[in-house]
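Enquirer: Dropping the structure in here first, questions after.
The values are calculated or read from the model by the stated rules, or taken from the named source; none is laboratory data. This one's a predicted model, so the numbers in the text were calculated from it and none came from an experiment. Cβ coordinates were reconstructed from backbone atoms using ideal geometry, including for glycine residues, and neighbour counts include every protein chain displayed. In case anyone asks, the SASA skips ligands and DNA or RNA and just uses the protein heavy atoms, side chains included. Shrake-Rupley method; radii C 1.70, N 1.55, O 1.52, S 1.80 Å.
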Amino acid sequence: MKLSKYFLTTDTLDEVGIPNKRIIFSTRTATSILVDESIYKDLIESNLANIEPGILSKLIDKEFLVSEDQDEFQSIVTANSAAKKDGKFLSMTIQPSANCQLGCHYCGQLHSKHYASDQVIEKYYERIVQLLSDREYRGLSITWYGGEPLTGYGAIRKTSEKLISLANERGMAYFSNMVTNGLSLKPSIFEELVEVCKITDYQITIDGTAESHDKRRITKSGESTFDLIMKNICDVSQMDIYSARNCNISVRVNIDKTNYQYVDPLIDLIREKELQSKVTMYFAPIVDFGGNDAGKESLDKEFFAGKEIEWLLRCYENEIKVKVLPSRTHSVCMAENRDSEVLDAFGNIYACWEFPYSESYAQGDSLIGNLFLPKETYNENATLRNWNEMLTSGATWCKTCNHLPVCGGGCPKSWHEGTPACPPFKFNYKDKLLLDYYIKKKNEVDKENNEVDKENIEVIK
Ligand code: SF4
Ligand code: SF4
């Protein structure tokens with residue numbers, strides 16, 4: 001056996017009061033383990049005979065150790081392809097409106113007052129029926145995106161009713177989520193979205209407190225939106241249906257040099273409004289959108305990664321749920337899944353949800369086709385569908401990167417635009433491993449369930 005190359009480690013933890021130990025992380029299985037320094041030394045020096053059989057078998061089980069002759073990159077690529085081939089869910093993104101009330105400076109879309117007509121809705125349905133016939137799927141998953149999807153609420157409702165009936169007729173599971181600016185997410189609409197359209201997960205962007213949010217996420221006529229969005233989040237998250245249907249709102253914060261100072265007070269405000277058990281939070285750097293220069297005020301990646309640790313810790317202290325460590329990912333995103341498509345309000349089909357309505361990508365090689373045209377005319381090699389070839393050819397850094405099994409390559413569109421897509425985890429994994437350990441140690445339930453060998457090794461669950 002050999003030590004897997006898909007392996008990360010913290011420094012020794014002496015300085016944080018855990019002497020002679022460190023945390024190691026297998027990106028192949030997304031498992032972190034607290035080990036004695038002596039075991040770590042035996043691992044990197046290949047003195048496996050010194051390691052107790054019980055511990056050795058845990059390290060093999062969690063793929064820290066793999067067979068000597070294994071081509072690990074190939075093994076990851078093969079496992080990813082098999083997972084995609086066996087995928088039991090058809091995942092589609094529908095953008096039923098080309099309109100949005102907001103005029104955020106970093107958005108790369110051109111908005112117009114166009115919404116999916118009944119004819120387009122019928123074509124959504126026909127396309128999904130066609131894709132479902134290609135394989136034995138057990139479920140259908142729909143993401144609603146925009147423009148602002150709720151400006152096309154009528155189309156969402158009609159399409160959902162048809163697709164839910166289809167899933168029911170076929171005995172398939174049905175899941176749905178929405179990326180919305182939150183302006184129209186009133187309790188009465190929310191109730192219908194959950195009850196009728198089965199949309200239970202929502203992503204809403206808030207760019208800091210009102211002081212920064214209202215300079216960026218303003219309406220096209222320049223009006224502020226912070227108070228209304230926060231009110232909607234508070235109102236809907238207090239509804240009985242929110243808890244009864246396990247709904248979640250994920251608050252996304254888009255961050256650059258001009259607003260990172262407003263993230264701490266936003267976290268405090270979420271707590272003040274007692275939303276900590278209702279919402280989750282995550283932090284995203286602002287990047288260019290097809291050459292729109294939105295990333296000109298981007299934070300340096302390492303600086304962002306350092307701030308992210310502070311924000312995650314602050315969330316933890318305020319009892320706001322966050323995800324600290326990445327999971328094993330078998331697919332970077334929809335772009336590489338040939339059965340996963342984005343359908344826009346005109347019936348256009350794309351591989352990436354940032355393509356519709358954008359100046360750079362709406363036409364040309366990025367367009368797979370249009371639902372009103374025969375499928376023989378569709379471009380199977382549309383932009384980003386070749387991600388697997390890009391990955392295996394070594395055109396990006398990912399082929400030799402030990403983060404690949406949990407990262408997948410970040411964002412194919414970003415690489416396509418010539419920007420490395422490495423997520424903050426690449427820069428702050430040591431701190432995240434420690435933070436994750438610290439959080440789990442504090443959690444009584446996880447503590448009880450921990451698989452612990454107190455002497456030498458501890459799998460951190
Ligand atoms: S290519 Fe990037 S922007 Fe497009 S769907 Fe994938 S992750 Fe999202
Ligand atoms: S995007 Fe960056 S971190 Fe992710 S696999 Fe590629 S090189 Fe590694």
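Enquirer: Filter the GluC sites (Glu not before Pro) in the range 75-181 down to the DSSP loop ones having no more than 15 other Cβ atoms within 10 Å, then list what survives.
Expert: Taking the range 75-181 and a limit of 15 other Cβ atoms within 10 Å, the loop GluC sites (Glu not before Pro) found are E136.
Enquirer: Quote to one decimal, in nm, the extra length available between E52 and T400 on full extension: 0.36 nm per residue of separation minus the C-alpha distance between them.
Expert: Between E52 and T400, full extension yields 122.2 nm more.
Enquirer: Helix 153-169 versus the longest principal axis of the chain: what is the Cα-based angle in degrees, 0 to 90, to the nearest 10?
Expert: Around 60 degrees separate the two axes.
Enquirer: What figure, in Å² to the nearest 10, do you get for the accessible area of T29 with a 1.4 Å probe and non-protein molecules left out?
Expert: Near enough 40 Å² of accessible area.
Enquirer: Select from the range 130-211 those trypsin sites (Lys or Arg not before Pro) which occupy a DSSP coil region and have at most 15 other Cβ atoms within 10 Å, ordered by residue number.
Expert: R135, R138, R170
Enquirer: Would you calculate a helix-derived [θ] at 222 nm for the chain, using -39,500 (n - 2.57) for each DSSP H run of n ≥ 4 and dividing by the full residue count, to the nearest 500?
Expert: One gets -10500 deg cm²/dmol as the mean residue ellipticity at 222 nm.
Enquirer: Based on the alpha-carbon gyration tensor of the range 75-122 and its eigenvalue square roots a ≥ b ≥ c, which shape applies: rounded if a/c is under 1.5, prolate if not and a/b is larger than b/c, or oblate?
Expert: oblate
Enquirer: Give the carbon-plus-sulfur fraction of the accessible surface of the chain in %, rounded to a whole number; probe 1.4 Å, heavy atoms of protein chains only.
Expert: Answer for the chain: carbon and sulfur cover 48 percent of the accessible area.
Enquirer: Return the sequence-ordered ³J(HN,Hα) values of the range 207-217 in whole Hz as given by the Karplus equation 6.51 cos²θ - 1.76 cosθ + 1.60 applied to θ = phi - 60°, using x for Gly and Pro.
Expert: Per-residue couplings from phi come out as 8, x, 6, 3, 4, 9, 4, 6, 9, 10, 9 Hz.
Enquirer: What are the ³J(HN,Hα) couplings of the range 271-284, residue after residue, when phi is run through the Karplus curve with 6.51, -1.76, 1.60 and θ = phi - 60°? Round to Hz, x for glycine and proline.
Expert: 5, 4, 7, 6, 9, 4, 9, 9, 10, 10, 10, 8, 10, 10
Enquirer: Sketch the reach of a paramagnetic label on D134 as a point 7 Å from Cα along Cα-to-Cβ, and name the residues of the range 336-370 whose backbone nitrogen lies under 17 Å away.
Expert: 336-344, 348-353, 367-370
Enquirer: Using just the alpha carbons, could you tell me how many Å³ per residue the convex hull of the chain encloses?
Expert: Measuring per residue, one finds 158 Å³ for the Cα hull of the chain.
Enquirer: Compute the distance in nm between two label points, each set 7 Å from the Cα along the Cα-to-Cβ direction, one at S67 and one at N370.
Expert: 5.3 nm
Enquirer: State the extension gain, in nm to one decimal, for the chain segment bounded by E45 and E310, taking 0.36 nm per residue of separation less the distance between their alpha-carbons.
Expert: 91.9 nm
Enquirer: Provide the net charge surrounding S358, with neighbours chosen by a C-beta distance below 13 Å and charges set as Lys +1, Arg +1, Asp -1, Glu -1.
Expert: -4
Enquirer: Output ³J(HN,Hα) for the range 185-198: one whole-Hz value per residue in order, computed from phi by the Karplus curve 6.51 cos²θ - 1.76 cosθ + 1.60 with θ = phi - 60°, and x for Gly and Pro.
Expert: So the Karplus estimates, Gly and Pro as x, are 7, 7, x, 5, 5, 4, 4, 5, 4, 7, 5, 8, 9, 6 Hz.
Enquirer: Relative contact order for the chain: what is it in percent, counting Cα pairs under 8 Å that are at least 6 residues apart?
Expert: 18 percent
Enquirer: Report, to the nearest 10°, how far helix 118-132 tilts away from the longest principal axis of the Cα atoms in the chain, using its own Cα long axis and a range of 0 to 90°.
Expert: Between the helix axis and the principal axis of the chain, the angle is about 30 degrees.
Enquirer: Using only Cα atoms and rounding to the nearest 10 degrees, what angle (0 to 90) does helix 226-237 make with the longest principal axis of the chain?
Expert: Roughly 80 degrees between the two axes.
Enquirer: I'd like to check one number: the per residue accessible area of the chain, probe 1.4 Å, reported in Å² as a whole number.
Expert: Accessible surface, normalised per residue, equals 45 Å².
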